Amino acid sequence: MHKAIMEASDISFFYKDRHILKNISLKINAAEVFSIIGPNGAGKTTLLNCLLDFIKPASGKIYLNGKPVDDYGRGDFCRIVSFVPQMHRPVFNYTVEEIVLMGKNPHLREFAMPSQKERDEVSETLEELKISHLKKRHYTKISGGELRMVLIARALVQASRVIIMDEPAAHLDIKNQLDILELIKKMAVERKAAVVMVVHDPAHALLYSDRIMLLKDGENVASGKPDEIVTPENLASVYGVETKIIEFEGRKIVVPIKSK
């Protein structure tokens, strides 16, 4: 059993008079993929924002390596935790190499320039992800799938132990969805990273997660192993959709039947 890198203990969050998160607790371990699923408005992105320390919970605590997140400076936090957003609109015409190299920023002294060793690490990471051909391409001129791979490369170069992702397969075609999810699973195992991701499709969570949390109306409805959480009963209760779980070539697949 791996020791938890990040923990949330009874966190709640309010927006104006709305109770967005209600006493959520979780533990995130090394070398595993932890997926958060649930319908629109369930509080998934708010939970990510709390874990990323972008917003502060109204109550409860978040711990990183056993220490309250509030005790970390931003640079120290970013040396441990990285973020791959769902949407990212490039503004400046950086090359892919420059964008990925920015993952080293939390590790550099003020006004320091990246070393050749760090540039070599970028090249090795691009090679590992099979996107080295994009190295000199402008970031504003690549496809959505390529963009997502570049953001993952930046997170890897950041050398963080926790990688948080907001719907990494969103807006991608089927091949790119599977390529990204396979990469995420491999990354968790080989780099012993703790990957936390919000997943839109429960079928993806079932196939690529080690543990899943199911949210509805800001509450943790169920947490556990994929087979325990992604069930026709749970999906009907939370999403209002009748489904069937079938097995094909040793893998379980979610088939939606009809809306209830």
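Filtering region 1-31 to residues that are more than 23 Å from Y239 (Cα to Cα) and either in contact with a His (Cβ under 7 Å, 6 or more places away or on another chain) or among the small types (G, A, S) (or both) leaves A4, A8, S9, N29, A30, A31. Going residue by residue through region 210-227, is there one that turns out to be under 21 Å from H171 (Cβ atoms) and at pLDDT 95 or above? No - not one qualifying residue is present in region 210-227. Residues considered: V196, V150. Of these, the only one that is closer than 24 Å to E121 by Cβ and touching a Ser or Thr at 6+ places or on another chain (Cβ under 9 Å) is V196. Just one of (1) modelled with pLDDT under 90; (2) open to solvent by less than 40 Å² (accessible area, probe 1.4 Å); (3) of a type outside the set (A, V, I, L, M, F, W, C) fails for S123. It is (1). Restricting attention to region 157-182, the residues that are among the aliphatic types (A, V, I, L, M) and in contact (Cβ under 8 Å) with a residue 60 or more places away in the chain add up to 6. Taking region 37-140 as the region of interest, none of the helices (runs of 4 or more DSSP H) fully inside it holds 1 or more residues being among the basic types (K, R) and at positive phi. Selection of region 73-95 for residues being without any contact (Cβ under 8 Å) to a residue 12 or more places away in the chain and open to solvent by less than 50 Å² (accessible area, probe 1.4 Å) yields only G73. R154 meets all of the listed conditions (1) in contact (Cβ under 8 Å) with a residue 12 or more places away in the chain; (2) closer than 29 Å to S25 by Cβ but one, namely (2).
Restricting region 1-36 to residues that are in contact with a Leu (Cβ under 8 Å, 6 or more places away or on another chain) and of a type in the set (G, A, S), the residue that is surrounded by the fewest Cβ atoms within 10 Å (Cβ to Cβ) is S12.
Taking region 152-260 as the region of interest, the helices (runs of 4 or more DSSP H) fully inside it that hold 3 or more residues being surrounded by fewer than 16 Cβ atoms within 10 Å (Cβ to Cβ) are 174-191, 232-239. In region 145-169, the qualifying residues are those that are in contact with an Asp or Glu (Cβ under 9 Å, 6 or more places away or on another chain) and small (G, A, S), and the one that is farthest from L183 (Cα to Cα) is A159. Applying the criterion of being among the charged types (D, E, K, R) and in contact (Cβ under 8 Å) with a residue 24 or more places away in the chain to the residues of region 130-145, the residue that is farthest from R119 (Cα to Cα) is R137.
The values are calculated or read from the model by the stated rules, or taken from the named source; none is laboratory data. Every value quoted in this text rests on a predicted model; they were computed, and no experiment measured them. Every residue, glycine as well, gets a Cβ built from its backbone with ideal geometry; the counts of neighbours run over all protein chains shown. These accessible areas exclude ligands, DNA and RNA; they are computed on the full protein's heavy atoms, side chains included. Shrake-Rupley method; radii C 1.70, N 1.55, O 1.52, S 1.80 Å.
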